[in-house]
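A short worksheet on the structure shown next.
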Amino acid sequence: MRRATPLLPVLAAALLVAGCGSERAGSPGGGAGATPRTSVSPVSDPGMDGVRITGLTLPSPSTPGIVSAYSPVTAAYEVVNDSSEALTYTILFDFTTATGQVMTNTRQTVRDVGPGRTVRGTVDMPPATASGRDMNVTQVKVSEVTSVPAAETPAEAGRCPSSGVRVTADEGDAAMGLRVVGLWLENCGKSDYRVEGYPQLTLLDEDREPVDGVRILHGSGGISSAVTGFDDPPRSVTLNPGERARSGLVWRNTVEAGTAVNVPYVRVRVRSGATPVTVTPHLDLGTTGKLGVSPWRPEEERRG
């Protein structure tokens, strides 16, 4: 997994693909007017972590006096899974100028790509940011790829896994080197679900192998006194169907002596014996070697 820092806010989109087939992401609706003209060109792209751009469609300049319907910049891509297990890929696409300036970006998720399979799809430049900038964009590149075993992928919104609970990580907050990411547990099943104490975490590197040299601490661990709830005593939390609980991760990305540690993946078990779920919060832990974890609390208390 390689990562490039997005230069503009990321706009979320999802592409659900199974097996060796493909399904195109929903295209933005065009306005009234003449049929837009486009130019299509192949792309020679070495790719990143099994994902590469294979073609690019750009709008042609409009004819003066003629109003054309909206036509997005569109890239064709393929995902090749050369591993021995089914994977779910999350891909960040950057839409750039000829000089490499990122005008906007978007994520797509390609689910359940079987071992040895190739999946093809397309990605459109987001229409909310494309207006007036279409002709400045001449390239699309893959800037980040994460891949998670399909069996450990967080369930998509609207679907409940067989465990009856959905586990996700939020985008987090950052201020003055302090980072906080929330872990969310939703009871999407039909029965009450009980957790107690802290989530069980395994930190994984870009090859999804365990990371050494980082202490996982219950509570804030002296990382910061500015975070609330981290040092609350753990207790039992029972979630009725439809209710949620939250835990949190806190760390500083200070870099001093030594080698900085980056953790792209975290395997989460919400309680002992629970089915693991792997989330991708991208923990840039610097050289501090510490990660604080807060106990599970009902969502209502977190809002209070």
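The values are calculated or read from the model by the stated rules, or taken from the named source; none is laboratory data. Predicted model, so just to flag it, every value in this text is computed and none were measured. Methodologically, a virtual Cβ is constructed for each residue, glycine included, from the backbone with ideal geometry; neighbour enumeration extends over all protein chains shown. These area figures cover heavy atoms from the full protein model, side chains too; ligands, DNA and RNA do not enter into them. Shrake-Rupley method; radii C 1.70, N 1.55, O 1.52, S 1.80 Å.
Counting the residues of region 159-198 that are closer than 17 Å to residue 278 by Cβ, free of Cβ contacts under 8 Å to residues at least 40 places away in the same chain and assigned to a strand (DSSP E or B) gives 1. Taken as a whole, region 246-263 holds at least one residue that is polar (S, T, N, Q) and more than 21 Å from residue 225 (Cα to Cα).
Residues are listed down the side, and each one gets a yes or a no for (1) surrounded by fewer than 15 Cβ atoms within 10 Å (Cβ to Cβ); (2) touching a Leu at 6+ places or on another chain (Cβ under 8 Å):
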| residue | (1), (2) |
| --- | --- |
| 140 | no, yes |
| 144 | no, yes |
| 157 | yes, no |
| 178 | no, no |
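The condition (being assigned to a strand (DSSP E or B) and surrounded by fewer than 20 Cβ atoms within 10 Å (Cβ to Cβ)) is satisfied by just one residue among 104, 202: 202.
Scanning region 288-304 for residues that are at pLDDT below 90 and assigned to a loop (DSSP other than H, G, I, E, B) yields 288, 304. When residue 281 is tested against (1) farther than 24 Å from residue 158 by Cβ; (2) modelled with pLDDT under 95, just one condition goes unmet, and that condition is (1). Looking at the structure I just gave you, is residue 48 under 21 Å from the mean Cα position of the chain (by Cα), more than 20 Å from residue 282 (Cβ to Cβ), modelled with pLDDT of 85 or more and not charged (D, E, K, R)? Spelling it out, it is not the case that residue 48 is under 21 Å from the mean Cα position of the chain (by Cα), more than 20 Å from residue 282 (Cβ to Cβ), modelled with pLDDT of 85 or more and not charged (D, E, K, R). If a residue must be out of contact with any Asp or Glu (no Cβ under 6 Å at 6 or more places or on another chain) and assigned to a loop (DSSP other than H, G, I, E, B), how many such residues does region 217-239 contain? Number of matching residues: 15. Tallying residues that are at pLDDT below 95, of a type in the set (Val, Ile, Thr) and either part of a strand (DSSP E or B) or in contact with a Cys (Cβ under 8 Å, 6 or more places away or on another chain) (or both) within region 55-82 yields 2. Inside region 264-284, residues that are under 20 Å from residue 187 (Cβ atoms) and open to solvent by 10 Å² or more (accessible area, probe 1.4 Å) make up a count of 8. Considering region 252-263, the residues that are in a loop (DSSP other than H, G, I, E, B) and open to solvent by 60 Å² or more (accessible area, probe 1.4 Å) include one that is farthest from residue 107 (Cα to Cα), namely 257.
Of all residues in region 83-99, which are of a type in the set (D, E, K, R) and either at pLDDT below 95 or open to solvent by less than 10 Å² (accessible area, probe 1.4 Å) (or both)? Selection gives 94 alone. Selection of region 107-116 for residues being of a type outside the set (Gly, Ala, Ser) and surrounded by fewer than 18 Cβ atoms within 10 Å (Cβ to Cβ) yields only 115. With the requirement that a residue be in contact with a Ser or Thr (Cβ under 9 Å, 6 or more places away or on another chain), charged (D, E, K, R) and at pLDDT below 95, what does region 145-191 give you? Residue satisfying the conditions is 156 alone.
Taking the criterion of being open to solvent by less than 60 Å² (accessible area, probe 1.4 Å), closer than 26 Å to residue 297 by Cβ and not β-branched (Val, Ile, Thr), the residues of region 205-242 that qualify are 217, 219, 220, 221, 224, 229, 230, 236, 239, 242. Quick check, is residue 249 open to solvent by less than 50 Å² (accessible area, probe 1.4 Å), assigned to a strand (DSSP E or B) and closer than 21 Å to residue 155 by Cα? For residue 249, the condition - open to solvent by less than 50 Å² (accessible area, probe 1.4 Å), assigned to a strand (DSSP E or B) and closer than 21 Å to residue 155 by Cα - is met.
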